[in-house]
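Working notes for the structure below.
The values are calculated or read from the model by the stated rules, or taken from the named source; none is laboratory data. None of these values were measured; they are calculated from a predicted model. In this analysis, Cβ positions are derived from the backbone assuming ideal geometry, glycine residues included, and neighbour counts consider all displayed protein chains. We work out accessible area using only protein heavy atoms, side chains counted, and drop any ligands, DNA or RNA first. Shrake-Rupley method; radii C 1.70, N 1.55, O 1.52, S 1.80 Å.
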Amino acid sequence: MRPIVTTLVVYVIAAAAVFGLQLLAVTAFLPWRSGGGLDLERHGLATLLVGVPASSGALIAIAVLAAGRPRRVRLRLTPSRVAPRAIVAMVIGTLALSQALESLVIALGVGRGPALEWVVRALASASPAGLLLAVLVIGVLAPVGEELFFRGYMLTRLREAWRAGPAILVTALAFGLMHGEPVHAVLAAGIGLYLGFVVERSASVRPSVVCHVANNTVSVLLSAWVGSPPGRGVNAALAIGAGLVFGGSMVWLRRLPPPA
């Protein structure tokens, strides 16, 4: 029971630090006071570029401090035990699952939710320099922080008490809850389930970092350059096609021998 209680306490501390530092960073560094209040539409990209590093830094620091020594082992930062082609399949699976889930909620008429729509609008209006910063912050830094904490620290600690399935599920739910908004939380939890599978399959957090970075980077670029295709019919077709690709990658990965 001790690993479970300790992990949940650390998660609560991390959640408070993430939301608290995001708020502190935005209010301390954004020059919005002269306008009479924070305009999320006008300062959307700046809000992301200031808030995300604060939350990611908190997750990295808490994961490193809570993990103990040796940190490379306790955060599963050791080299992956799968071949590079398997990591490629994992990345394809992540991208396909992400597209399938996003297209599904649009096809069902649920939509991605106000928060994700706001992020898309902020990225669509970004300058080339702003987009580059968004790739570095949202595409790279945020996934590193989230993977180190959720799959590196949290999943690894829960595995001391539980089998892989329950540990992956609880970690994914905690990952989703950290994203706040209901639709975003469900989408994140779905991705979290797969990333947990990736970590267990590879015995390392490194492939999940690669998958998460690839997914966020592609999402940032597509949001800025293309956006989501309109229409339920198109998104239904995309959901089915991406789902088939994801299923194929899962079948292939499950045929691999488990890591020693």
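Some observations on this one:
- Helix-only [θ]222 nm of the chain, DSSP H runs n ≥ 4, -39500 (n - 2.57) each, per residue, nearest 500: -23500 deg cm²/dmol
- The separation of the range 204-232 from the range 65-103, counted between C-alpha centres, amounts to 15 Å.
- Reported label for calculated Cα extents along the principal axes in Å given (1) 56, 41, 37; (2) 57, 44, 30; (3) 51, 44, 36: (2)
- Each Lys and Arg adds +1 at its Cβ and each Asp and Glu adds -1 at its Cβ; summed about the Cα centre, the range 57-135 shows a dipole of about 620 debye.
- Selection from Leu133, Leu253, Thr27, by position along the positive dipole direction of the chain (Cβ): Leu253
- Gained length - Val186 relative to Val73, 0.36 nm times residue gap less alpha-carbon distance: 37.7 nm
- Rounded to whole Hz, the Karplus (6.51, -1.76, 1.60) HN-Hα couplings of the range 163-171, x for glycine and proline: 6, 4, x, x, 5, 5, 5, 5, 4
- Per atom type, the chain shows carbon and sulfur on 71% of its accessible surface, probed at 1.4 Å.
- Across the range 122-135, computed HN-Hα scalar couplings (Karplus, 6.51 cos²θ - 1.76 cosθ + 1.60, θ = phi - 60°) run 5, 6, 5, 9, 6, 6, x, 5, x, 5, 4, 5, 5, 4 Hz from first to last residue, x flagging Gly and Pro.
- Gyration tensor verdict on the range 71-141 (Cα atoms; rounded if a/c is under 1.5, prolate if a/b is larger than b/c, oblate otherwise): oblate
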